[in-house]
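These notes concern the structure reproduced below.
The values are calculated or read from the model by the stated rules, or taken from the named source; none is laboratory data. From a predicted model like this one, the values you see are computed outputs, not experimental measurements. Note that we place each Cβ from the backbone using ideal geometry, even for glycine, and neighbour counts take in every protein chain shown.
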Amino acid sequence: MKILKRVLLGLILAVVGLVLFLAGSVAIDFAVGAERINAVTNTTIPGQNGGPDVRAYVAIPSGSGPFPVVIMIHEFYGLNQSIVDRAEGLAREGYLVVAPDTFRGSTTAWIPRAIYQVITNQPEQVNQDLDSVYAWIEAQPQAQVDRTGIVGFCYGGRASLNYSLYNAQLAATVIFYGSPITDPQVLQSLPGPVLGIFGGADSSIPLEDVQAFKSALGQAGIPHEISIYEGQPHAFVTDMESIQAGGAQGQAWDQMLRFFEENLKKNTAFDNSSPQQAYNDTFDLRYYLALAYEHAFGTASQHGGQH
């Protein structure tokens with residue numbers, strides 16, 4: 001009995017120690033990284049409806065415009081150089097790209113803090129900040145406002161889907177391995193077509209959820225294109241250098257370009273007569289725990305192709 005008590009006490013102390021370590025590491029990362037956001041932003045967008053100003057990186061194409069617009073939402077690490085480079089890469093294709101910081105000054109490479117960022121920035125707060133971004137876009141003479149789309153990666157994939165359900169003015173939505181919504185009654189409020197790109201080896205998003213998402217979009221009458229890249233883990237599109245090297249990353253990026261070409265650059269429009277319903281997203285602990293595991297232990301192989 002004494003041995004059992006000692007084992008239990010040891011386990012309790014280990015758990016407490018782990019919790020204290022994680023909490024302390026998040027606080028330390030916050031303290032040492034307070035200025036990181038300054039290196040990856042070039043624009044301050046005025047807050048709307050009492051909200052704070054929004055920091056963002058804005059990439060503008062060469063030429064006179066007006067240009068179709070893409071709002072680009074970062075991964076759960078926050079706005080970083082990888083997203084800045086992707087924004088510049090998309091701008092070279094003729095899009096005015098706005099990559100906002102939706103974590104209000106917080107960005108990291110440390111997974112525990114990345115999870116903390118998601119927990120402490122609720123969907124309604126993110127939508128409020130994206131409303132400020134959209135209002136800023138409306139005021140830009142170089143922006144073709146009625147041709148505004150949104151793309152997000154990882155956490156940003158789910159955030160882009162949520163905002164499309166919130167803002168009926170968006171023309172197109174691209175989701176890179178974001179947790180999908182599978183209720184057709186909710187999805188029927190989407191204002192434009194959807195492209196979803198997922199990894200076949202992504203342990204954080206079950207393939208049956210992806211198939212359910214595809215089915216629900218069909219039931220909702222929303223034009224869609226859902227692709228699964230076999231053998232690819234979560235967050236397999238990593239940076240512009242790898243995208244330009246080809247493989248699955250290049251294929252996925254080119255698929256996004258074709259989708260935006262068709263739905264933003266060309267004079268096409270999807271007229272959704274379904275009334276937009278209020279949708280309040282919830283925090284999915286299971287998904288983010290799986291996401292943390294995938295980032296910590298998932299492979300980064302870039303083999304395989306589109307299915």
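Some points to look at:
- Scanning segment 84-99 for residues that are acidic (D, E) and not in a helix (DSSP H, G or I) returns a single hit, E93.
- Just so you know, in segment 96-139 the residues that are among the hydroxyl-bearing types (S, T, Y) and more than 13 Å from the chain's Cα centre (by Cα) include one that is surrounded by the most Cβ atoms within 10 Å (Cβ to Cβ), and it is T107.
- Here P206 meets the list (1) modelled with pLDDT under 95; (2) surrounded by 18 or more Cβ atoms within 10 Å (Cβ to Cβ) almost entirely, failing just condition (2).
- Taken residue by residue, segment 69-90 has at least one member that is crowded, with 22+ Cβ neighbours inside 10 Å, basic (K, R) and under 17 Å from I150 (Cβ atoms).
- Any hit, segment 223-230, residues being under 21 Å from S164 (Cα atoms), modelled with pLDDT under 90 and either hydrophobic (A, V, I, L, M, F, W, C) or out of contact with any strand residue (DSSP E or B) (no Cβ under 7 Å at 6 or more places or on another chain) (or both): no
- Residue within segment 286-294 that is surrounded by fewer than 19 Cβ atoms within 10 Å (Cβ to Cβ), under 25 Å from S82 (Cβ atoms) and at pLDDT 95 or above present: no
- Just one of the numbered conditions (1) touching a helix residue (DSSP H, G or I) at 6+ places or on another chain (Cβ under 9 Å); (2) modelled with pLDDT of 95 or more; (3) over 25 Å from Q249 (Cβ atoms) is not true of E138: (1).
- Residue that is nearest to A135 (Cα to Cα), among those in segment 77-117 that are at pLDDT below 95 and in contact with a strand residue (DSSP E or B) (Cβ under 9 Å, 6 or more places away or on another chain): R104
- Against the numbered list (1) over 20 Å from F260 (Cβ atoms); (2) modelled with pLDDT of 95 or more; (3) touching a Leu at 6+ places or on another chain (Cβ under 6 Å), V174 comes up short only at (1).
- In segment 159-179, residue surrounded by the fewest Cβ atoms within 10 Å (Cβ to Cβ) [restricted to those that are more than 20 Å from W253 (Cβ to Cβ) and of a type outside the set (S, T, N, Q)]: A168
- Only one of the numbered conditions (1) out of contact with any Ser or Thr (no Cβ under 9 Å at 6 or more places or on another chain); (2) without any contact (Cβ under 8 Å) to a residue 40 or more places away in the chain is violated by V186, and that is (2).
- Residues located in segment 100-121, provided they are of a type outside the set (G, A, S) and not in a loop (DSSP other than H, G, I, E, B): P100, I111, P112, R113, I115, Y116, Q117, V118, I119, T120
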